Amino acid sequence: MSTTKSPADSRKKQRLKAATDVKGPVSFMHPDDVGALVVHGSRRRGRKLTPNYALREDGVDTVKVLMATDTIIMFESFRPKGALDTAHQHPDHHSVVYQKQGRTRMRIGDKIHIIEAGDSYLHPMGVVHQHEALEDSVRIETKIFPRGGAIAAWNKLVGGKPLK
């Protein structure tokens, strides 16, 4: 039997490395989940967000990171009815969102949308956006960092201390 690796084995290893090569802490992610190919978010609790991207924002969401790589951060976010964040934009990433529960008034650019459970939306990099929970709401959000650096940017963005 040959012990040399085939080109297909090498490509497979490289693809898996993209997800598992994350080292070090990720804010709002349990340390046992960092670098895992499967994360059992159902076994984790969220923590209150303390963002630093808007001076007047006081942390309106409870967040748990579900998956993290150098180019994406996926998290679940709970926002109580009436909570409103400050209008803001992100210069380094796009966000794709699935509204899992509740209703939200969503400003994207100069348009206002009512988002209901089952809806999805996108706020592209650099576009001003704002969320207001019309009901207790849960969303699943994936932030896509085309230039990489997702974990460092996420840790800085949310202002929370990484779990150790």
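The values are calculated or read from the model by the stated rules, or taken from the named source; none is laboratory data. All values reported here derive from a predicted model rather than from experimental measurement. Ideal geometry is used to build each Cβ from the backbone, glycine not excepted, and the neighbour counts take in all protein chains shown.
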| said: For segment 101-117, check the following and say yes or no: at least one residue is of a type in the set (Lys, Arg), within 16 Å of residue 74 (Cα to Cα) and part of a strand (DSSP E or B). | reply: no
| Test result for residue 143, under 19 Å from residue 42 (Cα atoms), among the charged types (D, E, K, R) and assigned to a strand (DSSP E or B) | no
| remark: Checked segment 18-39 for anything among the polar types (S, T, N, Q) and at pLDDT 70 or above; matches are 27
| query | Any idea which of (1) in a strand (DSSP E or B); (2) at pLDDT below 95; (3) over 18 Å from residue 151 (Cα atoms) is the one residue 15 doesn't satisfy? | reply | (1)
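Residue-wise test of (1) surrounded by fewer than 20 Cβ atoms within 10 Å (Cβ to Cβ); (2) more than 27 Å from residue 35 (Cα to Cα); (3) modelled with pLDDT under 90; (4) of a type in the set (S, T, N, Q).
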site: 61; (1), (2), (3), (4): no, no, yes, no
site: 74; (1), (2), (3), (4): yes, no, no, no
site: 108; (1), (2), (3), (4): yes, yes, no, no
site: 124; (1), (2), (3), (4): yes, no, no, no
site: 128; (1), (2), (3), (4): yes, yes, no, no
site: 131; (1), (2), (3), (4): no, yes, no, no
site: 148; (1), (2), (3), (4): yes, no, no, no
site: 159; (1), (2), (3), (4): yes, no, yes, no
| message | I need the full set of residues from segment 96-136 which are under 22 Å from residue 66 (Cβ atoms) and in contact with a Pro (Cβ under 8 Å, 6 or more places away or on another chain), in order please. | response | 125, 133, 136
| query | Considering only segment 67-98, how many residues are in a strand (DSSP E or B) and over 13 Å from the mean Cα position of the chain (by Cα)? | reply | 3
